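To keep things clear, I will list the structure first and then write my remarks on it.
The values are calculated or read from the model by the stated rules, or taken from the named source; none is laboratory data. Given the structure is predicted, the values throughout are model-derived calculations rather than measurements. Note that we place each Cβ from the backbone using ideal geometry, even for glycine, and neighbour counts take in every protein chain shown. When the accessible area is computed, the model is the full protein with side chains, heavy atoms only, and any ligands, DNA or RNA have been set aside. Shrake-Rupley method; radii C 1.70, N 1.55, O 1.52, S 1.80 Å.
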Amino acid sequence: MNDNAVKNVTAAGRKKDITFVRVLVWLVIALLLFVTLFPFYWVIRTSFTPASLIYSDAARLIPSRLTGMNYVRVLGFVSAEESLALGGSGQSVNFLVNLRNSLIIAVVTTVCQVFFCSMAGYGFSRVRFPGRDKLFALILATMMVPGVVMMIPNFVFIRKLNLLNTYAGIVLPALFMTPYSVFFMRQFFMGINKEIEEAAYIDGAGQYRTFFMIIMPLMQTAVTTLAVTIAINTWNDYMWPLIVGRKEELRTLTVALGVFRSQTPQGQPDWSGMMAGTVLAIIPAFIIYAFLGKKIVNSIQFSGFR
């Protein structure tokens, strides 16, 4: 066998190995996608399944009969008697009111937290003051404290301020800043070349003008990523709005869905109605990711301006 034949055999072997590795990688990716997406499919599938077929069609990937009445029932467009006749619990979600509450809380918390955390992150990355590094280390240390540990002190604090059952009581604990958000913004500010700010100072711009008119426009990707993260976390929050906003007119969508699930006059949860309400609650988060997902991906690749 000559040298060319040996090289051809070796190249063919390498090509087979590369092909095998690629196939294996794609199989792993496909498996991970299936594990991730199948629960979402099952939620949607259940939301279109008649309540009477929830258990009899449990083994079917596609139910034998589809219906949109679950959404109509959850939104309260039929009477309690009609809902019971359709196999539901007779309960409904005040979707528009709950949607309004979730939007108010998410928007206010996101805007305020992004604003204050951006300023705090900029201060920790650029402004030198006594004890700066120790204070930042203390903020990082608080990230190790589970949120549930702070829930009781926060509740006592809100009660002392007479802010129970108010929007202010729900948003106040996370209104100004969180350790993660401050850390997140500081790391991005550290990646911006200081020469940009120095050039602004030479041109006569002050620190505040430099921050708002030069630095923040450069941070659009980071700000968008942080805003989306805060908005989604606030939107999905359940425990804090539940214990602070007990009035029906202050319920968020997540709390309303929890209450809807617990109302079981038929002796079992209204799973079809519950999944219909869940789909409605997911839609706003899906829209946010659909329009801003590219910004989030870009933020992962962001390394500052050199």
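The distance separating the Cα centre of segment 187-211 from that of segment 18-67 comes to 51 Å. For segment 126-167, the set of trypsin sites (Lys or Arg not before Pro) satisfying both a DSSP loop assignment and a count of at most 10 other C-beta atoms within 10 Å is given as 128.
Other residues with beta-carbon under 15 Å from the beta-carbon of residue 132 carry, at +1 per Lys or Arg and -1 per Asp or Glu, a net charge of +3.
Using a probe radius of 1.4 Å on heavy atoms only, what accessible surface per residue do you get for segment 88-243? Whole Å² is fine. Walk me through the intermediate numbers first.
Numbers: 8380 Å² over 156 residues.
For segment 88-243, the solvent-accessible area averages 54 Å² per residue.
Rounded to the nearest percent, how much of the accessible area of segment 23-81 (1.4 Å probe, protein heavy atoms only) is carbon and sulfur?
Working: 3160 of 4000 Å².
C and S fraction of accessible area: 79 percent.
Counting only protein heavy atoms and a probe of 1.4 Å, the accessible surface of segment 199-250 is 57% carbon and sulfur.
A Förster radius of 41 Å combined with the Cβ-Cβ distance from residue 282 to residue 213 puts the calculated FRET efficiency at roughly 0.65. Couplings 3J(HN,Hα) of segment 110-125, computed from phi: 5, 4, 5, 5, 5, 5, 6, 5, 5, 5, 5, x, 5, x, 6, 8 Hz, in residue order, whole Hz [Karplus 6.51 cos²θ - 1.76 cosθ + 1.60, θ = phi - 60°; x for Gly and Pro].
For residue 164, what charge total do you get from the other residues with a beta carbon under 15 Å from its beta carbon, if Lys and Arg give +1 and Asp and Glu give -1? Show your work: numbers first, answer last.
On the way: positive: 159, 160, 246, 247, 251; negative: 248, 249.
Neighbourhood net charge equals +3.
The stretch between residue 129 and residue 30 holds 30.5 nm of extra length on full extension. This uses 0.36 nm per residue minus the Cα-Cα distance.
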